[in-house]
């Protein structure tokens with residue numbers, strides 16, 4: 001719902017006041033769902049990127065997605081799509097990310113997004129809704145998306161934050177959240193693994209989602225199911241840009257499920273895709289060969305509470 005033109009560059013040192021001479025910029029289409037679509041396409045799946053866009057930046061992001069080979073369905077909006085700016089600092093290896101809020105969408109534009117989704121979801125096995133909500137969009141918007149997916153018979157995978165996450169009450173097949181996003185959702189500190197899993201299971205018990213994935217960055221991920229929990233270790237990768245790694249994990253899990261894999265195997269593909277993103281500059285998509293190479297070395301998960309059962313996705317939500 002809030003795509004962006006991602007601009008990535010570098011400079012020797014980031015300091016205030018002075019002009020910072022930067023290297024050549026790299027332009028990529030950005031936004032959670034767009035990143036997921038691009039990586040799913042790289043992994044060989046048939047996808048459609050559906051998003052609102054406006055202005056010159058909207059034209060740019062649409063062209064960039066189309067150039068990557070992903071079919072697009074753009075919902076026109078009056079105001080310009082946002083831009084995001086990332087600067088890599090050579091001297092320290094630090095990365096600075098500047099993210100703009102995005103255009104304010106009218107009620108009519110929001111309705112057009114939902115109607116377009118409803119039409120597209122009728123022929124989809126899985127819908128991924130990923131990313132923040134732009135200004136003007138109510139916090140229950142993703143719940144309306146979940147209701148549409150349930151009506152149209154498509155599984156919903158959701159990766160969002162803030163009010164969009166807090167106002168989910170039902171209809172999500174798999175929810176992916178970082179520890180920060182999960183903490184903001186439940187409103188308490190989640191320091192230990194047991195506290196993180198307790199929060200994830202709380203969402204399952206409330207009926208918000210059937211499964212919850214908690215991404216831990218370099219520490220891997222946790223998977224909570226109605227029957228138990230698993231811990232997945234990350235693949236060791238030389239340090240690189242972490243931009244888009246979470247979206248790559250979501251894409252890998254989605255592709256695995258689309259292939260009919262059980263969830264524990266799909267999780268391994270998600271770990272591999274997230275790791276492969278660390279080898280790319282900015283928000284450039286990962287390489288399929290890297291994902292497959294990492295998939296072969298992802299360690300088997302550890303059953304945390306001894307109640308694990310293989311989780312196979314349902315054929316209908």
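Every number in this text was worked out from the coordinates using simple rules, so none of it is lab data. Note that the structure is a prediction, hence the values are computed from the model and not measured. Don't worry about glycine lacking a Cβ; one is built from the backbone with ideal geometry, like all the others, and counts go over all protein chains shown.
For the chain, the relative contact order is 15 percent, taking Cα pairs closer than 8 Å that sit 6 or more residues apart in sequence and dividing their mean separation by the residue count. Need the C-alpha centroid separation for the range 9-87 versus the range 128-178, integer Å. The two parts, judged by their Cα centres, are 22 Å apart.
Summary of packing: across the peptides 252-261, 97-106, 184-193, the per-residue average of other C-beta atoms within 10 Å ranks them, highest first, as 252-261, 97-106, 184-193. Here residue 66 and residue 139 are evaluated by their C-beta separation; at R0 = 25 Å the FRET efficiency comes out at 0.20.
Modelled label positions at residue 292 and residue 108, each set 7 Å beyond Cα in the direction of Cβ, lie 4.9 nm from each other. Subtracting the Cα-Cα distance of residue 305 and residue 90 from their residue separation scaled by 0.36 nm leaves 73.0 nm.
Extension gain for the segment residue 259 to residue 11, taken as residue separation times 0.36 nm less the Cα-Cα distance, is 85.1 nm to one decimal.
Note on residue 73/residue 98: beta-carbon distance plugged into 1/(1 + (r/R0)^6) with R0 of 25 Å gives a FRET efficiency of 0.30.
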